[in-house]
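The values are calculated or read from the model by the stated rules, or taken from the named source; none is laboratory data. Since the structure is predicted, the reported quantities are computational estimates derived from the model, not experimental observations. Cβ placement follows ideal geometry from the backbone for every residue including glycine, while neighbour counts extend to all protein chains displayed.
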């Protein structure tokens, strides 16, 4: 179990590094959007600290992942106060409904992870308002948790900053005045929260940080180094949650990474992998596609054949996965597996053209199980293949694309299920 002390323990450090990776994965894609979680985390933590209403530590971490239910949606829909009546018709009704309910949707997804229970209420209700003007249920008064009100206030501040379109006001006084006017139609917070929020905006230090992507990222890194984890969370839970986010953003079924982890682990057991090797395989299975957060979703989810240039972009994702994971000391071996999962047994894969046992066993297992799951799942570019056809594809490519021993053990696992 991960606990809150000592804060500089290996587990704590790994946990916090993964938490940052989770936040980046949630928001990565669209200009300002990739910084939204950072902004809400910092502003919310400051607001909690100055108001004394709740734990700044938990508000910070909740801020990093509060839009879990809006993964895959355009920033302007998730925060649809920015979407004018004249532009809403460009979004499908299903996306608008998801946007309106992204708080409860995120809480519902998160509740399956036991260690994250502290984030459920603020995530679910961060668009509800003390005066009853919020959504989706129109809660009011004490029916809106204090933590949700603080996350909501920090969220509104970042929405306001988005309206500046990258331009900075001539003074903090001008900024505060503009935000005060913004709150007249988008407020509805407890008086203590509103007053403290306006005071924060009038202060120069945090305001300038929120307006600068680089300063914002640097400050978040400092906070993650300084703040202990918000409770007892198993390392595997945050790895699983990060894998689930990747799956959702890739338009696959949400259980893709879990299936690759669970099925491949059975293959690893048959190949006499040690407990540590099995753990590293499992983590790599959840995180092997992490690098796809750096690839344009229009390419990842394209229903037609990729152009040569688009395919070259897709081929970068194992390298991105390895680079991101290599920054987490505890996951160095996991990073190697993730970086090699598109290598082929005959040396014709990418990114390094490794062959045979130059490729780690974990990566050779992922290659087989990932291909199986891709063939058996509807994807943007193909319908699912029948079971017998998919199995035959594995057999025919054993010794070229796949390690023949891994294929043999995979087939044995499938026969036993």
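Find the residue count for the range 390-410, including only residues that are under 15 Å from residue 265 (Cα atoms) and in contact with a helix residue (DSSP H, G or I) (Cβ under 7 Å, 6 or more places away or on another chain).
Count: 4.
Look through 332, 357, 336 and report the one residue that is outside any loop (DSSP other than H, G, I, E, B), on the phi < 0 side of the Ramachandran plot, in the same structural domain as residue 261 (by TED's automatic domain parsing) and crowded, with 16+ Cβ neighbours inside 10 Å.
336
At least 2 residues that are over 26 Å from residue 110 (Cβ atoms) in each: list the helices (runs of 4 or more DSSP H) lying fully within the range 202-320 that qualify.
204-210, 213-226, 256-270, 275-287, 297-300, 308-314
Going through the range 396-417 one residue at a time, which ones are surrounded by 16 or more Cβ atoms within 10 Å (Cβ to Cβ) and assigned to a loop (DSSP other than H, G, I, E, B)?
Hits for the range 396-417 are 401, 403.
Starting from the range 184-201, take each residue that is in the same structural domain as residue 59 (by TED's automatic domain parsing) and list its partners that are assigned to a loop (DSSP other than H, G, I, E, B), counting only C-beta distances under 6 angstrom and pairs at least six apart or across chains.
Pairs found: 188/129; 188/130; 188/131; 188/133; 189/130; 190/130.
Can you tell me which residue among 343, 323 is without any contact (Cβ under 8 Å) to a residue 40 or more places away in the chain and surrounded by fewer than 17 Cβ atoms within 10 Å (Cβ to Cβ)?
So the residue among 343, 323 that is without any contact (Cβ under 8 Å) to a residue 40 or more places away in the chain and surrounded by fewer than 17 Cβ atoms within 10 Å (Cβ to Cβ) is 323.
Sort out which residues of the range 382-395 are surrounded by 12 or more Cβ atoms within 10 Å (Cβ to Cβ) and farther than 16 Å from residue 341 by Cα, and write them in order of number.
384, 385, 387, 390, 391, 392, 393, 395
Just the residues that are in contact with a helix residue (DSSP H, G or I) (Cβ under 8 Å, 6 or more places away or on another chain), more than 18 Å from residue 49 (Cβ to Cβ) and assigned to a helix (DSSP H, G or I), please, taken from the range 168-201.
Across the range 168-201, the qualifying residues are 172, 173, 175, 176, 178, 179, 180, 182, 183, 186.
Are any residues in the range 217-234 surrounded by 14 or more Cβ atoms within 10 Å (Cβ to Cβ) and in contact with a strand residue (DSSP E or B) (Cβ under 7 Å, 6 or more places away or on another chain), and if so, which ones?
Once the filter is applied, which keeps residues that are surrounded by 14 or more Cβ atoms within 10 Å (Cβ to Cβ) and in contact with a strand residue (DSSP E or B) (Cβ under 7 Å, 6 or more places away or on another chain), the range 217-234 yields 229, 233, 234.
Cβ-Cβ below 7 Å, separation at least six or inter-chain, first residue in the range 44-55 and without any contact (Cβ under 8 Å) to a residue 12 or more places away in the chain, second buried (at least 18 other Cβ atoms within 10 Å of the Cβ): which pairs?
49/56
Of all residues in the range 360-389, count the ones that are farther than 14 Å from residue 267 by Cα, touching a residue at least 24 places away in the same chain (Cβ under 8 Å) and part of a helix (DSSP H, G or I).
2
I'd like the full set of residues that are outside any helix (DSSP H, G or I) and surrounded by 24 or more Cβ atoms within 10 Å (Cβ to Cβ), limited to the range 131-158.
Answer for the range 131-158, where residues must be outside any helix (DSSP H, G or I) and surrounded by 24 or more Cβ atoms within 10 Å (Cβ to Cβ): just 144.
If we keep just the residues of the range 22-43 that are out of contact with any helix residue (DSSP H, G or I) (no Cβ under 6 Å at 6 or more places or on another chain) and either modelled with pLDDT under 70 or in the same structural domain as residue 321 (by TED's automatic domain parsing) (or both), which is farthest from residue 194 (Cα to Cα)?
Within the range 22-43, the match that is farthest from residue 194 (Cα to Cα) is 29.
Results for (1) surrounded by fewer than 14 Cβ atoms within 10 Å (Cβ to Cβ); (2) modelled with pLDDT under 90, shown as yes or no for each residue.
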{"residue": "160", "(1), (2)": "no, yes"}
{"residue": "165", "(1), (2)": "yes, yes"}
{"residue": "171", "(1), (2)": "yes, yes"}
{"residue": "177", "(1), (2)": "no, yes"}
{"residue": "185", "(1), (2)": "yes, yes"}
{"residue": "194", "(1), (2)": "no, no"}
{"residue": "210", "(1), (2)": "no, yes"}
{"residue": "213", "(1), (2)": "no, yes"}
